[in-house]
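Working notes, structure below.
The values are calculated or read from the model by the stated rules, or taken from the named source; none is laboratory data. Here the structure is a predicted model, which means the values were calculated and not measured. Heads up, the Cβs are rebuilt from the backbone with ideal geometry, glycines too, and the neighbour counts pull from every protein chain shown. For the accessible areas, the whole protein counts, side chains as well, though only heavy atoms, and no ligand, DNA or RNA atoms are used. Shrake-Rupley method; radii C 1.70, N 1.55, O 1.52, S 1.80 Å.
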Amino acid sequence: MDPKAKEKLFELADYYEGRALSNEDTTLESYCQGRCDAISSVLVALDIETEYLDWQFLQ
């Protein structure tokens with residue numbers, strides 16, 4: 001996978017995870033959690049979820 005594409009995917013996952021955890025609007029929180037779950041499924045399908053966790057730890 002292209003490193004830039006992987007980096008962007010990791011950034012999107014991190015963004016939506018942060019928004020889901022820090023939002024007080026339940027509708028927006030649900031939307032962000034849904035996006036986070038979808039991106040997580042993509043990470044699992046591409047077999048890069050562990051790389052994402054490592055990347056997230058280093059941030």
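Tell me, which residue of the range 1-35 that is in contact (Cβ under 8 Å) with a residue 24 or more places away in the chain and not charged (D, E, K, R) is farthest from Ile48 (Cα to Cα)?
Leu12
If you take the residues in the range 1-27 that are among the polar types (S, T, N, Q) and part of a helix (DSSP H, G or I), which one is nearest to Gln59 (Cα to Cα)? Spell out the reasoning first.
Kept after step one, since they are among the polar types (S, T, N, Q), are these residues of the range 1-27: 22-23, 26-27.
Among the residues that remain, those that are also part of a helix (DSSP H, G or I) are: 22, 26-27.
Working: Ser22: 18, Thr26: 27, Thr27: 28 Å.
Checked the range 1-27; the qualifying residue nearest to Gln59 (Cα to Cα) is Ser22.
Quick one: is Asp54 outside any helix (DSSP H, G or I), acidic (Asp, Glu) and either open to solvent by 80 Å² or more (accessible area, probe 1.4 Å) or in contact with a Lys or Arg (Cβ under 6 Å, 6 or more places away or on another chain) (or both)?
no
Of the residues Tyr31, Tyr16, Tyr52, which single one is in contact with a Gly (Cβ under 9 Å, 6 or more places away or on another chain) and of a type outside the set (Lys, Arg)? Give the steps one after another, and end with the answer.
Working: Tyr31 fails: in contact with a Gly (Cβ under 9 Å, 6 or more places away or on another chain); Tyr52 fails: in contact with a Gly (Cβ under 9 Å, 6 or more places away or on another chain).
The conditions single out Tyr16.
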